[in-house]
């Protein structure tokens, strides 16, 4: 029996796909009778459309009665949680580990440097034709804290390494040791936050991390510290962050926000010391070739009944 594979990239644009499945293109577009490329009940391997509203990717899942794999092209999978209960047991949910690390780490470093060195103020001054010099913080000799030390967190530290920081501390769900040093548990944040000049969030959004950066968390950050969020908006309590940045006590660089997209007129847009980028950590020129390589590898594994990569969970387990 032919198995349908739904791809958000046209199959003729992906070299090396294994023979056997019927490849159908669906990037989340279409409506009415033409909404889906085939019957969702015949889909065995579903690659969720990338950079679409959460509701788009969820739409066919309730009808996917024979699906065996749901593959995201994002690092996070939290946006699919509402649809998992509709899937049959035994479905493997896989993320895109290996696709976004380089791009997201690049952006994290760019946000850190731009914020510390005052780049947004330079751009505004240039627009006014003003020459504005002065002293700004350097990244050298600073202490950084990376919260969420998975593949992206490790890639961020790789890019921090040449900048001569005094110290980089790492935090994840549980303690472990890496070649670069210890990874601390989330429970140790109260002792780590007061020492950090730069706090970088790269953690997945889970029930444990939703609202992690609340008023208590922010109160432990030292005066003048920078908070950088390249994870998910709801990791940060927006109102609590606004309270601190409006005092001028800390600054922030946010690639993700809560709410998102950030609506016109939201106070974060004009909050002092806040730099905002519109969730652009992943979509770069590095995305497509890496996404294609991941899909080819995963589909070969699927067709050949080999273990899949990046399995986050199995439904019903």
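Overview of results
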| quantity | calculated |
| --- | --- |
| Rounded to 5, percent antiparallel among DSSP beta bridges of the range 101-276 | 10 |
| Which of 54, 42 has the fewest Cβ neighbours within 10 Å, and the rest in rising order | 54, 42 |
| Interatomic Cα distance distribution for the chain, bins of 10 angstrom, percent | 5, 25, 30, 22, 13, 4, 0 |
| Size-normalised alpha-carbon gyration radius of the range 101-276, reference 2.2 N^0.38 Å | 1.00 |
| Sorted by Cβ neighbour density within 10 Å, fewest at the top, the residues 244, 15 | 15, 244 |
| Förster-model FRET efficiency, 22 Å R0, residue 216 and residue 166, C-beta, rounded to 0.05 | 0.30 |
| Inter-label distance for residue 138 and residue 314, nm, one decimal - labels placed 7 Å from Cα along Cα-to-Cβ | 5.3 |
| Per-residue Cβ neighbour rank within 10 angstrom, fewest leading, 103, 174 | 174, 103 |
| FRET efficiency estimate (nearest 0.05) - Cβ-Cβ, residue 13 to residue 243, R0 51 angstrom | 0.60 |
| Inter-part distance where the range 1-58 and the range 144-217 are each reduced to a Cα centre, Å | 36 |
| Counting DSSP beta bridges with both ends in the chain, the antiparallel % (nearest 5) | 15 |
| Estimated 222 nm signal from helices in the chain, with DSSP H stretches of n ≥ 4 weighted -39500 (n - 2.57), rounded to 500 | -7500 deg cm²/dmol |
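Every number in this text was worked out from the coordinates using simple rules, so none of it is lab data. Just so it is clear, the model here is predicted, and its values are computed rather than measured. Cβ sites come from the backbone with ideal geometry, for glycine too, and all protein chains shown count toward neighbours.
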